[in-house]
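Student: First the structure, which I've put down as structure tokens, then a few questions once you've had a look.
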Ligand code: ADP
């Protein structure tokens, strides 16, 4: 059984995240989604809300969704994960991801597997989704329906 960890903020989960998840499930038997809760980050949705929304979005897939606020490598070890999965959109993602992957290998002897975004999602990020939703724009094709509803609830638009 090959398990991988897919960490991120997922604030909120969008269609690009789910696409990466589904493609990672072609390589791994099970994915544990680690929804980060870090003191120095400001989130729109609480850890619980982000977890609940991801769970709903990943219904029917062999996925476990958990919050985590520890070192990723410790979490991965506890879960007996073989690898970390990260998505890559553009060159701008690369610097940070390269450094994090090398550090995680040094600290936890764990490999990072990168999954390239699909062209149609290359512009998509949680920040863009929040910006559009906050101004009353349409996010219907960018996020699952329940996330669209949650965004409307947050911004009241
Ligand atoms: P983080 O704060 O850890 O970057 P995100 O929720 O923004 O958390 O992203 C989680 C993971 O999903 C990251 O590996 C990120 O590169 C990837 N990701 C985000 N948006 C996309 C997208 N449109 N296509 C592919 N991967 C994506």
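The numbers here are math on the coordinates, done by the rules we state, and not lab data. Computed from a predicted structure; not experimentally measured. Note that we place each Cβ from the backbone using ideal geometry, even for glycine, and neighbour counts take in every protein chain shown.
Student: If you count, for each residue, the other Cβ atoms within 10 Å and average over each peptide, how do 122-133, 7-18 line up from highest to lowest?
Tutor: Answer by packing, highest mean first, reads 7-18, 122-133.
Student: Same structure, new question: Can you tell me the 0 to 90 degree angle between the C-alpha axis of helix 15-24 and the longest principal axis of the chain, rounded to 10?
Tutor: The answer is roughly 30 degrees.
Student: Just to confirm the number: angle between the C-alpha axis of helix 145-155 and the first principal axis of the chain, 0 to 90 degrees, nearest 10?
Tutor: 60 degrees
Student: Counting only helical runs of four or more DSSP H residues, what would the 222 nm mean residue ellipticity of the chain come to if each run contributes -39,500 (n - 2.57) and the total is spread over all its residues?
Tutor: -12500 deg cm²/dmol
Student: Something else now. Round to the nearest 10 and give me the degree value, 0 to 90, for the angle of helix 47-57's Cα axis relative to the longest principal axis of the chain.
Tutor: That works out to roughly 90 degrees.
Student: By its C-alpha gyration tensor, with a ≥ b ≥ c as the square roots of the eigenvalues, how is the range 48-99 shaped: rounded for a/c under 1.5, else prolate for a/b larger than b/c, else oblate?
Tutor: oblate
Student: According to the square roots a ≥ b ≥ c of the eigenvalues of the Cα gyration tensor, what is the shape class of the range 1-87, taking rounded for a/c under 1.5, prolate for a/b larger than b/c otherwise, and oblate for the remainder?
Tutor: Oblate is the answer for the range 1-87, as a/c is 1.5 or above yet b/c matches or exceeds a/b.
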